[in-house]
1. What GluC sites (Glu not before Pro) in the stretch 4-64 are in a loop by DSSP, with at most 16 other Cβ atoms within 10 Å of the Cβ?
2. In µm²/s, what is D for the chain at 10 °C and 1.306 mPa s, where D = kT/(6 pi eta Rh) by Stokes-Einstein and Rh is the Kirkwood radius from Cα pairs?
3. List the trypsin sites (Lys or Arg not before Pro) within the chain that DSSP assigns to loop and that have no more than 13 neighbouring Cβ atoms inside 10 Å.
4. Just from its helices, what would the mean residue ellipticity at 222 nm be for the chain, if runs of 4 or more DSSP H residues each count -39500 (n - 2.57) and the sum is divided by every residue, rounded to the nearest 500 deg cm²/dmol?
5. Can you give me the Cα centroid spacing of the stretch 13-29 and the stretch 38-52 in angstrom?
Amino acid sequence: MTRILYPTDEVAQQLGVGLTTAKALIKSGELRSVKIGRARRVPADALHEYVQRLDVEQNGESAA
């Protein structure tokens, strides 16, 4: 079964950034997340959207 939500530490690992950077992306709203109880989770599709947005911003529309 494919996971649909990831904890912040796994998000950081998947993006290849530090935990502080991952938390900052979530806090700023650049990376969409949801709250379940006290836990913050990032939907799998939000990771793909974020990376795709970075790619378009840095490489132009033709990269999409």
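Nothing in this text is a laboratory measurement; each read-out follows from the coordinates by a stated rule. Here the structure is a predicted model, which is why all the values come from computation and not from measurement. Every residue, glycine as well, gets a Cβ built from its backbone with ideal geometry; the counts of neighbours run over all protein chains shown.
1. Numbers: sites: E10, E30, E49, E57, E61; in loops: E30.
Loop-located and lightly packed - E30.
2. Numbers: Rh = 12.3 Å.
Translational D for this selection: 130 µm²/s.
3. Sites meeting the loop and neighbour criteria: R3, R38.
4. Details: 3 runs with 34 residues, N = 64.
Estimated from H runs of four or more residues: -16000 deg cm²/dmol.
5. Comparing the Cα centres of the stretch 13-29 and the stretch 38-52, I get a distance of 10 Å.
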